Amino acid sequence: MPRYWSEVVHRLTPYVPGEQPQHPNLVKLNTNENPWPPSPKVLEAIAAATDDRLRLYPDPDSTRLKQALADYFGLKVENVFVGNGSDEVLAHAFQALLKHDAPLLFPDISYSFYPVYCNLFEIDYRIVPLRDDFSLVLADFDQPNGGIIFPNPNAPTGRAVSRADIEALLQRNPDSVVVVDEAYVDFGAESAVPMIARYDNLLVVQTFSKSRSLAGLRLGYALGAPELIEALVRVKDSFNSYPIDRLAEAAGIASIGDEPYFQDVRDRVMRERERVTQALTGLGFEVLPSKANFVFTRPPRPAEVVMQALRERGIIVRHFKAPRIRNWLRITIGAPHENDALLTALEEIVSEAG
Ligand code: PMP
């Protein structure tokens with residue numbers, strides 16, 4: 001006889017994160033982490049905050065971090081929400097901001113956490129197919145909705161949409177919250193942030209995990225009109241009023257303060273992305289134009305075979321089983337020596353087939 005709590009186990013199908021193997025010698029190109037370390041100033045700030053103040057709770061409002069983000073983006077502190085990774089910020093947005101009398105819309109190939117949140121919060125949703133070339137055409141979202149969310153650049157495709165297209169979408173949907181998930185925006189896409197002052201239905205979500213090399217800290221944020229931000233705060237304070245710990249807050253402020261380091265790392269990733277794209281193309285791979293810190297690529301041999309062959313050589317990349325993308329791999333851009341190892345291995349794997 002099932003107990004009443006068994007129902008949760010049956011109802012929820014959680015997100016399955018990319019593998020985090022603990023083996024140190026792997027070339028890990030599967031979860032879009034940054035291959036370069038965080039800024040030395042971040043490490044110093046964490047060390048400086050590591051003292052007996054850790055017995056005290058952190059500032060529940062993370063005001064200093066929010067102020068640093070507000071100054072950086074030319075916004076006010078009322079426009080900023082911070083959370084424990086952008087996954088948590090997105091979870092709060094799903095709970096706080098979506099209408100329940102019409103479906104939430106998001107692309108069929110996009111961040112697989114979206115349907116998981118819908119399931120958790122019992123939100124009705126409808127997926128909007130990408131075009132054949134995996135482009136996301138925002139005019140396809142012109143249908144009754146209770147909110148719209150998409151990553152820009154999209155994940156796992158890496159393709160980006162323009163700010164002008166997002167603006168047109170905002171204009172056509174003044175009564176829906178439009179959430180732009182900009183986890184990868186710093187690697188060359190156009191951010192929607194400059195439109196926040198003009199559109200009170202726009203929420204932009206960003207993270208310290210990718211371009212700022214801080215996935216291990218869990219720090220994300222949302223930028224938007226004060227009422228949207230207040231809605232997120234109400235959910236947060238009903239759930240966990242201290243999401244940002246003292247060390248993460250100190251690190252976040254230091255990261256925002258080190259612009260030269262941020263730009264240097266971002267540029268390195270983008271340069272390596274162009275090099276990897278060219279080399280893959282030369283090996284007969286189809287590569288989508290990427291504005292992210294990964295490439296989405298179709299190998300000349302079955303993707304799952306290539307993924308396994310890489311694995312046997314100690315290189316891990318991401319393969320998705322969804323039918324439409326099962327012939328594709330998502331490969332994170334690593335450090336130059338990691339990308340070299342990847343390309344050498346792929347050259348071997350491709351020639352084995354011949
Ligand atoms: N959005 C997208 C599109 C992502 O790919 C990720 C990373 N898996 C996230 C949000 C969440 O990133 P984090 O929680 O590390 O900020």
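Suppose we filter segment 20-48 for residues that are in a helix (DSSP H, G or I) and buried (at least 19 other Cβ atoms within 10 Å of the Cβ); how many remain?
Adding up the residues that qualify gives 2.
Kindly provide the set of residues from segment 1-19 that are in a loop (DSSP other than H, G, I, E, B) and hydrophobic (A, V, I, L, M, F, W, C), ordered by number.
Hits for segment 1-19 are MET1, TRP5, LEU12, VAL16.
With the checklist (1) within 16 Å of the ligand (Cβ to nearest atom); (2) surrounded by fewer than 14 Cβ atoms within 10 Å (Cβ to Cβ) in hand, flag the one item TYR57 doesn't pass.
Answer for TYR57: the failing condition is (1).
With PHE73, PHE141, PHE134 as the choices, which residue is within 16 Å of the ligand (Cβ to nearest atom) and of a type outside the set (Asp, Glu)?
After ruling out the rest, the residue left standing is PHE134.
So which residues in segment 99-124 are touching a Phe, Trp or Tyr at 6+ places or on another chain (Cβ under 8 Å) and not in a helix (DSSP H, G or I), if there are any at all?
Of everything in segment 99-124, those that are touching a Phe, Trp or Tyr at 6+ places or on another chain (Cβ under 8 Å) and not in a helix (DSSP H, G or I) turn out to be PRO103, LEU104, LEU105, PHE106, PRO107, ILE109, SER110, SER112, ILE123.
Have a look at LEU214, LEU219, LEU202, LEU169 and point out the one that is in contact with a Phe, Trp or Tyr (Cβ under 7 Å, 6 or more places away or on another chain), crowded, with 20+ Cβ neighbours inside 10 Å and under 18 Å from LEU97 (Cβ atoms).
Going through LEU214, LEU219, LEU202, LEU169 in turn, the sole match is LEU169.
Hey, can you tell me all the residues within segment 155-188 that are part of a loop (DSSP other than H, G, I, E, B), within 21 Å of the chain's Cα centre (by Cα) and in contact (Cβ under 8 Å) with a residue 60 or more places away in the chain?
ALA155, PRO156, THR157, GLY158, ARG159, ALA160, VAL177, ALA183, TYR184, GLY188
State all residues of segment 1-19 that are over 22 Å from the mean Cα position of the chain (by Cα), among the charged types (D, E, K, R) and surrounded by 10 or more Cβ atoms within 10 Å (Cβ to Cβ); if no residue qualifies, say none.
GLU7, ARG11
Please work out which one of (1) within 14 Å of the ligand (Cβ to nearest atom); (2) under 18 Å from the mean Cα position of the chain (by Cα); (3) surrounded by fewer than 24 Cβ atoms within 10 Å (Cβ to Cβ) is the condition PRO243 fails and give its number.
Just one mismatch for PRO243, condition (2).
Coordinate-derived values only; no laboratory data. This is a predicted model, so every value here is computed, not measured. Cβ: placed from backbone, ideal geometry, glycine included. Neighbour counts: every protein chain shown.
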